[in-house]
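Working notes, beginning with the structure itself.
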Amino acid sequence: MLYNNLLGICVLLILTTVLAMPALSSKYLVLRDRGVLRFGTLVFALEALYNSLSRPLGFGTPRILDHLGFGILLFSFGYVALQLVLASERRLLSVENELAIAREIQTSILPSGVPELNHARISAAYCP
C-alpha cells in the first residue's frame, strides 16, 4: 500500500505541476485553451493528493472532499464537451448557410424557362 501511495503522489505532483504551469500545459496538453477542464483536473488532483498524503499521516479527511473533487472534475468534462458540441453545431450551421447561398446563386444564373422556337422542341434538366 505504501508503494501505491508513493506512486500516486508522484503522478499527482507531476500532473498538478503540468496543469499549474502554462508553459508546460501548452506543451503537453492536447486541449490547450480549456481553462475549465484545467481547473477541474487541478482541483481533483489536489484533492487526491491531499487524501493520499493525509491518510498515511493519520489525518482525518471528510468524505465530502472525495465527492466534491470528483464532481468538479465531471462538471469540467461536461462543460468542455458541451463547448465542443456547440462549436461543431455552429460550424455546421455556417456551412449549411453557405450552401444555401451557393444554391440560390446557381439557380439565379440559370434561365427561368425554355425558349420557344417554331418547329423545335427543347428540354433541359439541371441537378445542382
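The values are calculated or read from the model by the stated rules, or taken from the named source; none is laboratory data. Values in this document were obtained by computation on a predicted structure and should not be read as measured data. Neighbour counts are summed over all protein chains in view; Cβ atoms, including those assigned to glycine, are modelled from backbone coordinates with ideal geometry. Ligands, DNA and RNA are excluded from the accessible area calculation, which covers all protein heavy atoms including side chains. Shrake-Rupley method; radii C 1.70, N 1.55, O 1.52, S 1.80 Å.
Please tell me the relative contact order of the chain in percent, rounded to the nearest whole number, where contacts are Cα pairs under 8 Å and at least six residues apart. Could the numbers behind the result be given before it?
Working: 69 pairs, mean separation 27.1, N = 128.
Once divided by the residue count of the chain, the mean separation gives 21 percent.
Could you work out the helix-only [θ] at 222 nm for the chain, with each DSSP H run of four or more residues adding -39,500 (n - 2.57) and the total divided by the number of residues, to the nearest 500 deg cm²/dmol?
On the way: 4 runs with 96 residues, N = 128.
Taken over the chain, the calculation gives -26500 deg cm²/dmol.
Find, among the GluC sites (Glu not before Pro) in the range 19-128, those assigned to loop by DSSP (not H, G, I, E, B) with at most 11 other beta-carbon atoms within 10 angstrom. Don't skip to the end; give the middle numbers.
Details: sites: GLU47, GLU89, GLU96, GLU98, GLU104, GLU116; in loops: GLU116.
Loop-located and lightly packed - GLU116.
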- [ ] For the range 40-87, restrict the atom set to alpha-carbon positions and state the Rg and Dmax in Å.
- [x] 13.7, 47
TODO: Working from Cα positions, state the angle (0 to 90°, nearest 10) between the long axis of helix 2-20 and the longest principal axis of the chain.
DONE: 50
Task: Exposure ranking of ARG38, ARG103 by accessible area [1.4 Å probe, largest first] - done: ARG103, ARG38
Open item on the list: Just to verify a number: what accessible area does THR17 come out at with the full protein assembly present, 1.4 Å probe, Å² rounded to tens?
Closed with: 60
Task: Among (i) 65; (ii) 57; (iii) 73, the entry derived from the coordinates for percent of Cα pairs over 17 Å apart - done: (iii)
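For the range 23-120, run through the chymotrypsin sites (Phe, Trp or Tyr not before Pro) and keep only the ones in DSSP coil with at most 14 other Cβ atoms within 10 Å of their Cβ. Don't skip to the end; give the middle numbers.
Working: sites: TYR28, PHE39, PHE44, TYR50, PHE59, PHE70, PHE75, PHE77, TYR79; in loops: PHE59.
Hits after loop and neighbour filter: PHE59.
For the chain, report the accessible area per residue in Å² (1.4 Å probe, heavy atoms, rounded to an integer). Working shown, then result.
On the way: 10230 Å² over 128 residues.
That works out to 80 Å² for each residue.
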Task: Environment charge at ILE9 (Cβ cut-off 15 Å; Lys +1, Arg +1, Asp -1, Glu -1) - done: 0
